[in-house]
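Peer 1: I'd like to ask some things about the structure below.
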Amino acid sequence: AGQSGAGMSDTDSFFDEVTEEVRRDQLYGYLRRYGWIAAVVIIAIVGGAAWNEYRKSTAQAEAQATGDALITALQANDAAGRAEDLAGVVPTTPGNAAVQQMLLSAAQSNSDQTDAAIAGLNGIAANGELPEIHRQIAAFKALLLQADTMSADDRRLQFEALAAPGKPLRLLAEEQLALIEIDAGETQAAIDRLQAILQDAEVTAALQDRASRLIVALGGTPETLPQSQG
């Protein structure tokens with residue numbers, strides 16, 4: 001019985017070895033037949049990661065180059081020279097282009113090129129690829145540059161759009177609306193608007209100071225929110 005058990009054990013071991021060899025041969029066969037698929041997948045993964053890293057490094061290098069070019073252009077002593085140098089910078093992304101145009105418009109507005117400055121800012125304001133804050137700032141600056149050339153009614157309409165609830169430049173637009181009301185002789189309306197600015201939870205210290213001074217100049221008394229007790 002012992003020998004029989006030993007024989008069965010040897011037989012089982014033999015069959016296990018044969019089975020393992022068969023499985024190994026099958027595995028090698030699969031690798032020989034389909035191994036190229038695994039190779040392609042590996043190459044795609046590694047290549048994709050390398051391409052992403054390359055794109056990131058390239059984008060970073062391009063952004064840095066654009067920034068360096070803008071800084072160099074801003075070093076010109078006169079506004080006309082800055083405008084000329086800024087116009088020669090070639091941006092690589094919509095964001096870079098917006099920054100370049102805002103700087104260029106500032107230089108143009110200081111060198112008797114107001115119409116070009118306004119056109120550039122309006123181009124930013126109409127660019128749907130840019131974040132809203134960039135477009136709002138550009139629209140706001142363009143309106144400021146048109147204080148002497150656009151009718152008060154048109155400016156009022158456009159500043160009212162910028163002053164809509166939730167807009168990032170809401171309070172600054174309200175301030176401009178108050179100035180339009182002052183010019184139109186609507187003193188009480190201006191005071192009421194300035195008082196509302198003072199009591200707005202989002203008012204900044206600088207805007208609060210300007211609004212208070214205007215109210216006093218108009219003969220009113222600034223009414224700020226009560227200070228919280230600490």
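The values are calculated or read from the model by the stated rules, or taken from the named source; none is laboratory data. Quick caveat: nothing in here was measured; it's all calculated off a predicted structure. Note: ideal-geometry Cβ built from the backbone for every residue, glycine included; neighbour counts use all protein chains shown. Ligands, DNA and RNA are excluded from the accessible area calculation, which covers all protein heavy atoms including side chains. Shrake-Rupley method; radii C 1.70, N 1.55, O 1.52, S 1.80 Å.
Each row is one residue, and each column tells you yes or no for (1) over 20 Å from the mean Cα position of the chain (by Cα); (2) modelled with pLDDT under 85; (3) more than 29 Å from Q64 (Cβ to Cβ).
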site	(1), (2), (3)
G88	yes, yes, no
T92	no, yes, no
Q108	yes, no, no
D154	yes, no, yes
L157	yes, no, yes
E160	yes, no, yes
L179	yes, no, yes
E186	yes, no, yes
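Peer 1: Which pairs have Cβ atoms under 9 Å, sit 6 or more apart or on different chains, and link a residue in the stretch 142-159 that is farther than 14 Å from D115 by Cβ to one that is among the aromatic types (F, W, Y) and surrounded by 12 or more Cβ atoms within 10 Å (Cβ to Cβ)?
Peer 2: L143/F159; F159/F140
Peer 1: Shifting gears a bit: Just one of the numbered conditions (1) among the charged types (D, E, K, R); (2) more than 23 Å from A206 (Cα to Cα); (3) open to solvent by less than 50 Å² (accessible area, probe 1.4 Å) is not true of D115; which one?
Peer 2: Status for D115: all satisfied but (3).
Peer 1: Among the numbered conditions (1) at pLDDT 95 or above; (2) in contact with a helix residue (DSSP H, G or I) (Cβ under 7 Å, 6 or more places away or on another chain); (3) open to solvent by 30 Å² or more (accessible area, probe 1.4 Å), tell me where N127 comes up short.
Peer 2: Every listed condition holds for N127 apart from (1).
Peer 1: Tally time: how many residues in the stretch 130-148 are surrounded by 15 or more Cβ atoms within 10 Å (Cβ to Cβ), within 15 Å of the chain's Cα centre (by Cα) and assigned to a loop (DSSP other than H, G, I, E, B)?
Peer 2: Final tally of qualifying residues: 1.
Peer 1: Which residues, counting only those in the stretch 160-169, are in contact (Cβ under 8 Å) with a residue 24 or more places away in the chain and not in a loop (DSSP other than H, G, I, E, B)?
Peer 2: L162 - this is the single residue of the stretch 160-169 that is in contact (Cβ under 8 Å) with a residue 24 or more places away in the chain and not in a loop (DSSP other than H, G, I, E, B).
Peer 1: From the residues in the stretch 160-181 that are aliphatic (A, V, I, L, M) and open to solvent by 50 Å² or more (accessible area, probe 1.4 Å), which one is nearest to R135 (Cα to Cα)?
Peer 2: Taking the candidates together, the pick is A161.
Peer 1: For A184, indicate whether it is open to solvent by 40 Å² or more (accessible area, probe 1.4 Å), more than 22 Å from D148 (Cα to Cα) and in contact with a helix residue (DSSP H, G or I) (Cβ under 9 Å, 6 or more places away or on another chain).
Peer 2: No.
Peer 1: Could you tell me which numbered condition S151 fails, if it satisfies all but one of (1) open to solvent by 60 Å² or more (accessible area, probe 1.4 Å); (2) closer than 22 Å to A126 by Cβ; (3) among the small types (G, A, S)?
Peer 2: (1)
Peer 1: Residue under question is L198, and the condition is that it be crowded, with 16+ Cβ neighbours inside 10 Å, in contact with a Gly (Cβ under 9 Å, 6 or more places away or on another chain) and farther than 30 Å from A116 by Cα; does it hold?
Peer 2: Answer is no for this residue.
Peer 1: Given (1) under 27 Å from L104 (Cα atoms); (2) touching a residue at least 12 places away in the same chain (Cβ under 8 Å), where does R210 come up short, assuming only one miss?
Peer 2: Single failed check for R210: (1).
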